[in-house]
1. Could you work out the relative contact order of the range 1-144? I mean the mean sequence separation of Cα pairs under 8 Å and 6+ apart, divided by the number of residues, in percent.
2. Once label points are set 7 Å from the Cα along Cα→Cβ at both THR66 and THR257, what is their separation, rounded to one decimal in nm?
3. Grab the other residues whose beta carbon is less than 13 angstrom from that of ARG235, score K and R as +1, D and E as -1, and report the net.
4. Carbon-plus-sulfur fraction of the accessible area of the range 6-107, 1.4 Å probe, in percent?
5. Hey, could you pull the Cα Rg and Dmax for the range 1-144, both in Å?
6. Leaving out ligands and nucleic acids, and using a 1.4 Å probe, what accessible area per residue does the range 209-310 come to in Å²?
7. How many percent of the accessible area of the range 128-287 is carbon or sulfur, using a 1.4 Å probe?
8. Which whole-number value in Å² is the accessible area per residue of the range 26-170, probe 1.4 Å?
Amino acid sequence: MGEKWEPLDGENQKKRVCYFYDSDIGGFHYGPGHPMKPTRIRMCHSLVMNYGLYKKMEIFRAKPATKREMTQFHSDEYVDFLSRITPSNMNSFVKEQHKYNVGDDCPVFDGLFEYCSISAGGSMEGAARLSRDKCDIAINWAGGLHHAKKSEASGFCYVNDIVLGILELLRYHNRVLYIDIDVHHGDGVEEAFYTTDRVMTVSFHKYGEYFPGTGELRDVGINKGKYYALNFPLRDGISDDNYKSVFEPVIRSVMETYDPSAIVLQCGTDSLSGDKLGCLNLSMRGHANCVRFVKSFNKPLLLLGGGGYTMRNVSRAWAFETGLAAGVELTPDIPVNEYYEYFGPDYELDVKSSNTDDLNTPAYLDRVKRIVLENLRSSGGPPSMQMNDIPTLPRDESLDDPNEDEDMDDPNDRRPMRLLDSRRQDDGELSDSDDEGEGGRRDHMSHKDLIDKNAEGNHKFGMGVGILASSIGATHGAGPSGHHTIARVISTSKDNSPSMEIDTPSSQSPAPMTATTSLLRPPTPPPAPASAVPSSSPKPEAPVVPTPPAPAEAPKPPPAAAGDDAMVVEPLPVPDAIPKPDPLA
């Protein structure tokens, strides 16, 4: 088995990547029929792990954000409301639900506050690690909830983790650039920094009778923040080439004019073709080109998630962009994972553009680009900022002591998971048991030779050996955890049979003879002795194997104890040539 990625061309220096994931994030559910599904983050993580990207980056489970940390941006009353409301007591908060816009697009569900804490904690800790030069790129696909306001939920977003992450970056960086490629306008982030020049917001979004209705070309900021908010309104169906023709010139001019010391990129995937709520027409590679281009400026980069409502395409795009951040390009064939059935029928890591019409004419794009660049020039270059003492926060203590949780490790575990997650494999590193079989180092024996050996009796299998040693016909529901694709080794002729067939067994038709079914048969009983009473049904006679008689002096085996399994022990012949010991010696 070869590597599942290829090194990127033109990578001058390797990036230190921190990847944040909390296994609890996929267990939250907005409710039946709601388009926002946190399971997409678990699907992305499954692809990331099965592609082997954990070898290229450090993996962290961030500490959830506390109520105090959330109130750096949100109001105390709003955060307290989120922490108290549950589906069981929501009828007691009818007035507050209307006040904070909670109920329709932003429903109340079990674990709502924990969900917000996980999302915000990953973005804040990623920003903190970037500021302390512990990594070059931080990734939190559970973040990117850009619609939440100071005291209001909006657009499936409750806590604005992006604003909290930018505030963390501003403790160390003079200027921060925020880029939004979600199909919806990043109104919550723009509103939070609309009056300051320390954060420039740039949003490429669909505009015109579309949620949230903001992000007009003339929205440029006010007071000190005037001309530090840039909006590029788009029409339906924009293609990869047209998107690239406006994204790269605008971002290049922003980098030259504003000169930020850190970048936050919101990678909402509802701008992909075929999204359930989106109306743009980007392919996976067109979307990922934005990540590649922003990464090329070699600034501290915080990659966040966002929208995206076709789960199989969301996980594809974010897994591919995780690889780009780590300096590799993933191969097209999706490896087998727990959500493998979702990626059918082609099982490829790609989202293609459709043949929808692109309503963004070259004349329209050129006119909007010209106005955006004029607004950028009106900002007058990078603003000056006098840095003060950096305020300390509780989260700083955990970053100052990275081994704070080492006392929680099992003392009997030689390599705890905390150390394995932080380990990165260097290129050309010799393999250990974790990497056995990669790069063509595994034994190249064919499975057909293995079956022949088993038939000859040279190799014996025990019950329960291997992953396929369970029933191959049973399925438990249609979900990913209950219905897995099974790799079936077909034991047919050597000449015309494929070496491996991926198939889902049918419960209606009998399973063909496989190597697995042969393992599940009970062991063949030994031939009955001659004095045994024959069965009423005729059976083919087994060949009689002569057994040499035991010597007369051979001791009889001891009888089996009551309750023990009876075991026949053949006595070994004692040759006469061996002298008996003298008892008087």
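The values are calculated or read from the model by the stated rules, or taken from the named source; none is laboratory data. Every value quoted in this text rests on a predicted model; they were computed, and no experiment measured them. Neighbour counts are summed over all protein chains in view; Cβ atoms, including those assigned to glycine, are modelled from backbone coordinates with ideal geometry. When the accessible area is computed, the model is the full protein with side chains, heavy atoms only, and any ligands, DNA or RNA have been set aside. Shrake-Rupley method; radii C 1.70, N 1.55, O 1.52, S 1.80 Å.
1. 37
2. 4.1
3. -2
4. Carbon-and-sulfur percentage of accessible area, whole number: 47.
5. 18.3, 60
6. With the other protein chains kept in place, the range 209-310 gives 34 Å² per residue.
7. Ligands and nucleic acids excluded, carbon and sulfur give 44 percent.
8. Spelled out: the 1.4 Å probe surface of the range 26-170, per residue, equals 35 Å².
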